[in-house]
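Presented below is the structure to which this report refers.
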Amino acid sequence: MTTSTVEDYLKQISLEEQRAPGDRVGMGRIAAALELTPGTVTTMIKALADSGLVDYEPYSGVVLTGSGRQLALHVLRRHRLIELFLVQIMGMSWSEVHPEAERLEHAISERFVELIDEMLGRPSVDPHGDPIPTAGGKVATFDQASLARIEAGETVVIARVVDQSAEFLERLEREGLKPGSTVHVIETDRVADAMVLELSEGIRFSLGLRAAAKILVEVAR
Ligand SMILES: [Zn+2]
């Protein structure tokens, strides 16, 4: 198994663990995410278990061990710093950086990663609002809520976009909905499954609640 394959598995398991904390990750979920057959995934997972990176229980799934988690967070750190670098320094769009980062994350050295981190001012989130783990493996947690739950009359700041398909990100970019944007909720229509939003420049548009549910906003304490 090559290093980049190991890294992709650990990263994917880590993302699934963050989605459903405390649950074991099933082979089917990993297979779907990595676009592989369950048989291939099970063989790989057994090898990772032999290396002490995951804890595998047949029929119930897998969790990362301490060393597996450390490695996974390292890969996520590289991935997210690269994405931010590509957007801020290279001028790429946030909808096109993911595949680029998928390749570069396996190629750059630790020194390169640290230089990017320093150059960008030790950022805490990537262009999509995903937290960037620190070099010590710490991940910041934020109080965030789904935009779909915000009531009419409230003003919120976009913090994170959960659906990172190029299509969805391009759509949000056209509307001006990015982390850091301030939006005022004019109306939430549960019957029509849509909400009317207004950006600070006064532009109004409507967004389906399904799409709004994939956008997280900062929660004031
Ligand atoms: Zn990202």
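What to note about this one:
- Extension gain, residue 102 to residue 59: 0.36 nm times the residue separation minus the Cα-Cα distance gives 12.5 nm.
- Summed residue charge, Cβ within 9 Å of residue 142's Cβ, Lys/Arg positive, Asp/Glu negative: -1
- For residue 190 and residue 163, a Förster radius of 30 Å and the Cβ-Cβ distance give a FRET efficiency of 0.90, rounded to the nearest 0.05.
- Kirkwood hydrodynamic radius of the chain, from the reciprocal of the average inverse Cα-Cα distance over all distinct pairs: 18.9 Å.
- Helix 110-119 and the longest principal axis of the C-alpha atoms of the chain enclose an angle of approximately 20°.
- Prolate is the label for the stretch 1-121, because the ratio a/c of its alpha-carbon gyration tensor axes (a ≥ b ≥ c) is 1.5 or higher and a/b is greater than b/c.
- Applying a DSSP loop filter and a limit of 16 other Cβ atoms within 10 Å to the trypsin sites (Lys or Arg not before Pro) in the stretch 99-145 leaves 138.
- What separates the Cα centres of the stretch 134-194 and the stretch 2-27 is a distance of 25 Å.
- Computed from Cα atoms, the angle from the helix 66-88 axis to the main principal axis of the chain rounds to 40 degrees.
- Positive-pole candidate from 211, 195, 152, dipole of the stretch 144-218, charges at beta carbon: 211
- Simple spin-label estimate for residue 92 and residue 115 in nanometres, 7 Å along Cα-Cβ: 1.8 nm
- From its DSSP helices (H runs of at least four residues, each -39,500 (n - 2.57)), the chain gives a residue-normalised ellipticity at 222 nm of -13000 deg cm²/dmol.
- Computed about the Cα centre, the dipole magnitude for the chain is approximately 340 debye when only Lys and Arg (+1) and Asp and Glu (-1) carry charge, each at its Cβ.
- GluC sites (Glu not before Pro) restricted to the stretch 75-175 and DSSP loop, no more than 16 other C-beta within 10 Å: 96, 151, 154
- Label-point gap, in nm, between residue 67 and residue 170 - each point 7 angstrom along Cα→Cβ: 4.4 nm
- Entries of 46/138; 11/46; 138/214 with Cα pairs more than 23 Å apart: 46/138; 138/214
- Rg of the Cα atoms in the stretch 144-218, relative to 2.2 N^0.38 Å, amounts to 0.97.
Here, each number is a calculation from the coordinates, and none is a lab measurement. For clarity, every value in this text was computed on a predicted model and none was experimentally measured. Every residue, glycine among them, receives a Cβ derived from its backbone with ideal geometry; neighbour counts consider all protein chains shown.
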